[in-house]
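Everything below concerns the one structure shown next.
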Amino acid sequence: MKAPSARSQDLASALVEMAERLRPCAQCFSFAEEELCPICADPRRDQQVICVVEEPSAILTIEATHEFRGLYHVLGGALSPIDGIDAEDLRIDELVARIERDDVRELVMATNPTMAGEATALFIADQVNGEVVVTRLASGLPVGADLEHADELTVGRALLGRREINSQ
């Protein structure tokens, strides 16, 4: 409220310009200024691995790790019959079409670790059964966490996802 009115007007103009310039990527449905977002347009990305996320904001989190070199697919939410969100409300049909069209070999399910996210991951895995390898992000204890403060589900998933330590 104390800022000059020009600052508020500049912010409002920037928001309007952003809304006019951004559109869904024609391939992954993330945000794009052109037909394809920068990730889908990058020929160095692995075209045969798709990471499935609920919303575009999850892409930023995954990209910040510098560990994933494939493409993405934004569903636009997660299955939630109680909220009236069914499979036809999400971009699942478009994902299945991409798998067939682009010779995809792996889907990395990166839906949220909630009931809705888990249900969505299982539904999609069932839909593409036999066409592609479906993997799920590992879940478990965060780095720096105290074991005694973790809930049973988190500890259980950490046990299921354990891996060998290579001592070389």
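The values are calculated or read from the model by the stated rules, or taken from the named source; none is laboratory data. Predicted model only: the values in this text are computed from it and were never measured. As a convention, Cβ positions derive from the backbone with ideal geometry for all residues, glycine included, and neighbour counts pool all protein chains shown.
Looking only at the range 109-135, how many residues end up being out of contact with any Gly (no Cβ under 6 Å at 6 or more places or on another chain) and closer than 13 Å to Leu75 by Cβ?
Step one: of the range 109-135, the residues out of contact with any Gly (no Cβ under 6 Å at 6 or more places or on another chain) are 109-110, 112-135.
Now drop any that are not closer than 13 Å to Leu75 by Cβ, which leaves 109-110, 112, 116-117, 119-121, 123-124, 127.
Of the residues in that region, 11 qualify.
Within the range 77-103, how many residues turn out to be part of a loop (DSSP other than H, G, I, E, B), within 20 Å of Cys25 (Cα to Cα) and touching a strand residue (DSSP E or B) at 6+ places or on another chain (Cβ under 9 Å)? Give the steps one after another, and end with the answer.
Applying the first criterion (part of a loop (DSSP other than H, G, I, E, B)) to the range 77-103 yields 77-79, 84, 86, 90-91, 103.
Within this subset, residues satisfying the condition of being within 20 Å of Cys25 (Cα to Cα) are 77-78, 90-91, 103.
Subsequent filtering for residues that are touching a strand residue (DSSP E or B) at 6+ places or on another chain (Cβ under 9 Å) retains 77-78, 91, 103.
Residues flagged as part of a loop (DSSP other than H, G, I, E, B), within 20 Å of Cys25 (Cα to Cα) and touching a strand residue (DSSP E or B) at 6+ places or on another chain (Cβ under 9 Å) within the range 77-103 amount to 4.
Any residue that is among the polar types (S, T, N, Q) and under 16 Å from Val128 (Cβ atoms) - is there at least one of those in the range 48-60? Yes, the range 48-60 has at least one match.
Evaluating Glu148 against the criteria (1) closer than 25 Å to Gln47 by Cα; (2) in a helix (DSSP H, G or I) leaves one unmet condition, (1). For the range 38-58, the criterion of being of a type in the set (Gly, Ala, Ser), at pLDDT 95 or above, in a helix (DSSP H, G or I) and over 13 Å from the mean Cα position of the chain (by Cα) is met by at least one residue. Within the range 49-68, the residues that satisfy the criterion of being exposed (fewer than 14 other Cβ atoms within 10 Å of the Cβ) and of a type outside the set (Asp, Glu) are Ser57, Leu60, Thr61, Ala64, Thr65, His66. Report yes if some residue within the range 18-29 is part of a helix (DSSP H, G or I), touching a helix residue (DSSP H, G or I) at 6+ places or on another chain (Cβ under 9 Å) and either surrounded by 19 or more Cβ atoms within 10 Å (Cβ to Cβ) or free of Cβ contacts under 8 Å to residues at least 24 places away in the same chain (or both); otherwise report no. There is no residue in the range 18-29 that is part of a helix (DSSP H, G or I), touching a helix residue (DSSP H, G or I) at 6+ places or on another chain (Cβ under 9 Å) and either surrounded by 19 or more Cβ atoms within 10 Å (Cβ to Cβ) or free of Cβ contacts under 8 Å to residues at least 24 places away in the same chain (or both).
Among the residues of the range 134-153, are any touching an Asp or Glu at 6+ places or on another chain (Cβ under 7 Å), free of Cβ contacts under 8 Å to residues at least 40 places away in the same chain, surrounded by 12 or more Cβ atoms within 10 Å (Cβ to Cβ) and under 26 Å from Leu71 (Cβ atoms)?
First, the residues of the range 134-153 that are touching an Asp or Glu at 6+ places or on another chain (Cβ under 7 Å): 135.
If we keep only those that are free of Cβ contacts under 8 Å to residues at least 40 places away in the same chain as well, we get 135.
Subsequent filtering for residues that are surrounded by 12 or more Cβ atoms within 10 Å (Cβ to Cβ) retains 135.
If we keep only those that are under 26 Å from Leu71 (Cβ atoms) as well, we get 135.
Scanning the range 134-153 turns up at least one residue that is touching an Asp or Glu at 6+ places or on another chain (Cβ under 7 Å), free of Cβ contacts under 8 Å to residues at least 40 places away in the same chain, surrounded by 12 or more Cβ atoms within 10 Å (Cβ to Cβ) and under 26 Å from Leu71 (Cβ atoms).
Scanning the range 30-48 for residues that are polar (S, T, N, Q) and surrounded by 19 or more Cβ atoms within 10 Å (Cβ to Cβ) yields one hit, Ser30.
So if I check each of Leu75, Leu36, Leu79, which one is without any contact (Cβ under 8 Å) to a residue 40 or more places away in the chain and of a type in the set (A, V, I, L, M)?
Working: Leu75 fails: without any contact (Cβ under 8 Å) to a residue 40 or more places away in the chain; Leu79 fails: without any contact (Cβ under 8 Å) to a residue 40 or more places away in the chain.
Leu36 is the lone residue from the list that is without any contact (Cβ under 8 Å) to a residue 40 or more places away in the chain and of a type in the set (A, V, I, L, M).
Out of the range 1-17, which residues are in a helix (DSSP H, G or I) and not charged (D, E, K, R)?
Looking only at the range 1-17, we keep the residues that are in a helix (DSSP H, G or I), and these are 5-17.
Correct list: Ser5, Ala6, Ser8, Gln9, Leu11, Ala12, Ser13, Ala14, Leu15, Val16.
Residues in the range 113-133 that are assigned to a loop (DSSP other than H, G, I, E, B) and in contact with a helix residue (DSSP H, G or I) (Cβ under 7 Å, 6 or more places away or on another chain) were compared, and the one that is surrounded by the fewest Cβ atoms within 10 Å (Cβ to Cβ) is Glu131.
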